[in-house]
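Derivation of every value follows stated rules applied to the coordinates shown; laboratory data play no part. A quick note: this is a predicted structure, and the numbers were derived from the prediction, not measured. Don't worry about glycine lacking a Cβ; one is built from the backbone with ideal geometry, like all the others, and counts go over all protein chains shown.
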Amino acid sequence: MIAGMKALIPTETSGPLVAFAEIDEPQPLRDQALVAVEAFSINRGETFQLESPTAGWRPGKDVAGTVVRAADDGSGPVVGTRVVAHPPAAGWAERVAVSSLSIAALSDEVSFEEAAALPLAGLTALRLLRALGSISSRRILLTGASGGVGHYFVELAAAQGASVTVVTRSAERARRLRALGAVDALTDVSEGEGQFDIGLDSVGGDLTGRVLTRLHADGTLVWFGQAGMVPPTLDFFDWSGGTNATIRKFDYSDNPVPDAADLTTLVRLVENGHLHPELGLVENWSAANDAIESLLARQIRGNLVLRVQ
Ligand SMILES: NC(=O)c1ccc[n+]([C@@H]2O[C@H](COP(=O)([O-])OP(=O)(O)OC[C@H]3O[C@@H](n4cnc5c(N)ncnc54)[C@H](OP(=O)(O)O)[C@@H]3O)[C@@H](O)[C@H]2O)c1
């Protein structure tokens, strides 16, 4: 392998979580294109991994950039195509190799920064909707709503006719979510009237059980994350709601549709003005450590995107 590109890698000491390193160029497999990265986003899940990184792991699942070498097997976009991509790792770098199954082309109307905010959060929102089936006129309660997944979910679910109530901690965050289609915004899950058909929780701790109690007896609780880093607690003997509920865990990667197809859908929705990436913070990648601190401190609404240059 030839040396010579810059990447952000996890540090092995206490202090800053990532540092620049000069590393080997990626060597694409036959079905992989080489993408010159213009922007990438950082997800909360990746920050958890940064706190105890496994040896050799290089972060980076959400990238946007330009194809500089097409896949040798003829699949995927040609050289020069602007793309969004979802590699399993290694995207916080000047270049990354990505399977043709995880790349979608971008039109000039979608900026690299908007595109970089799409993959993990957008795929999760889209696939949550697929997992829920028909949601038209259903009352949905969503925690962690001001994050990357939450903004996309609210806009897409509202467009399908769902009545989405969000839980978020500030009026400013609530305003944006209402503008995207939320019918109500709570600062605490116990506020508001009535029961919900579906509860979606990605915070964990006692919040998961509190969402359950806001459901109709036969409602559905979907647990898809643990932003608070505390496992959910449920009290079987709390009969105040959701007494006969279905409780399911959701993982976006367990999905029948290839990433490329779902990324193409997300890009089309952005191009048509039906989906609006929420860029809470856009910085140069030299500011990565401060940006990650802001994300961990819940200071970023929507997505965190870093530009590479
Ligand atoms: N299951 C899957 O396949 C899948 C895929 C992607 C992401 N996830 C998970 O889904 C969750 C949301 O992802 P995301 O990218 O949207 O995250 P994010 O952008 O960081 O948003 C999470 C939001 O949760 C709220 N929150 C409430 N209590 C919190 C706490 N104790 N600690 C941190 N945040 C808290 C915060 O909003 P307020 O401060 O406004 O309350 C924050 O904006 C994460 O846990 C992530 O790991 C799961």
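The table that follows gives values for the structure above.
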quantity: Shape of region 117-258, Cα gyration tensor, a/c cut at 1.5; calculated: rounded
quantity: Per-pair calculated FRET efficiency, R0 = 51 Å: Ser136 and Ala19 via Cβ, rounded to 0.05; calculated: 0.55
quantity: Taking region 17-120 and dividing mean pair separation by its residue count, relative contact order in percent (alpha carbons under 8 Å, at least six apart); calculated: 34
quantity: Segments 47-58, 203-214, 148-159 sorted - mean Cβ within 10 Å per residue, highest first; calculated: 148-159, 203-214, 47-58
quantity: Calculated SAXS-style log₁₀ I(q)/I(0) at q = 0.17, 0.21 Å⁻¹ - region 233-309, Debye, Cα scatterers; calculated: -0.95, -1.00
quantity: Under 5 Å, built H, 5+ apart or other chain: amide partners of Gly242; calculated: Leu215, His216, Ala217, Gly219
quantity: Per-residue ³J(HN,Hα) for region 230-242, Karplus 6.51 cos²θ - 1.76 cosθ + 1.60, θ = phi - 60°, Hz, x for Gly and Pro; calculated: 10, x, x, 10, 10, 10, 4, 8, 8, 9, 6, x, x
quantity: Options Ile140, Ile103, Leu118, ranked by Cα towards positive dipole end of region 90-143, top entry (Cβ charges); calculated: Ile140
quantity: Assigned charges on the beta-carbon of Lys, Arg, Asp, Glu; the chain dipole about Cα centre (debye); calculated: 420
quantity: If the convex hull is drawn through the Cα atoms of region 101-170, its volume per residue in Å³; calculated: 110
quantity: Fraction of antiparallel bridges per DSSP, the chain only, in percent to nearest 5; calculated: 55
quantity: Residues Phe20, Phe40, Phe112 arranged by fewest to most Cβ contacts within 10 Å; calculated: Phe20, Phe112, Phe40
quantity: Fewest-first sequence of Ile103, Ile247, Ile135 by Cβ atoms within 10 Å of each Cβ; calculated: Ile247, Ile135, Ile103
quantity: Extended-chain gain in nm, criterion 0.36 nm per residue less alpha-carbon gap, Leu29 and Glu12; calculated: 3.2 nm
quantity: Mean-position separation - Cα centroids, region 50-98 and region 100-120, in angstrom; calculated: 12
quantity: Simple spin-label estimate for Asp206 and Asp235 in nanometres, 7 Å along Cα-Cβ; calculated: 0.8
quantity: Hull volume in cubic angstrom per residue (convex hull over the Cα atoms of region 1-97); calculated: 97
quantity: Structure-based [θ]222 nm, the chain - -39500 (n - 2.57) summed over DSSP H runs of at least 4, per residue, nearest 500; calculated: -7000 deg cm²/dmol
quantity: Efficiency of FRET between Ala287 and Glu51 - r from beta-carbon atoms, R0 22 angstrom, step 0.05; calculated: 0.70
quantity: Residues Arg176, Arg30, Arg69 arranged by fewest to most Cβ contacts within 10 Å; calculated: Arg30, Arg69, Arg176
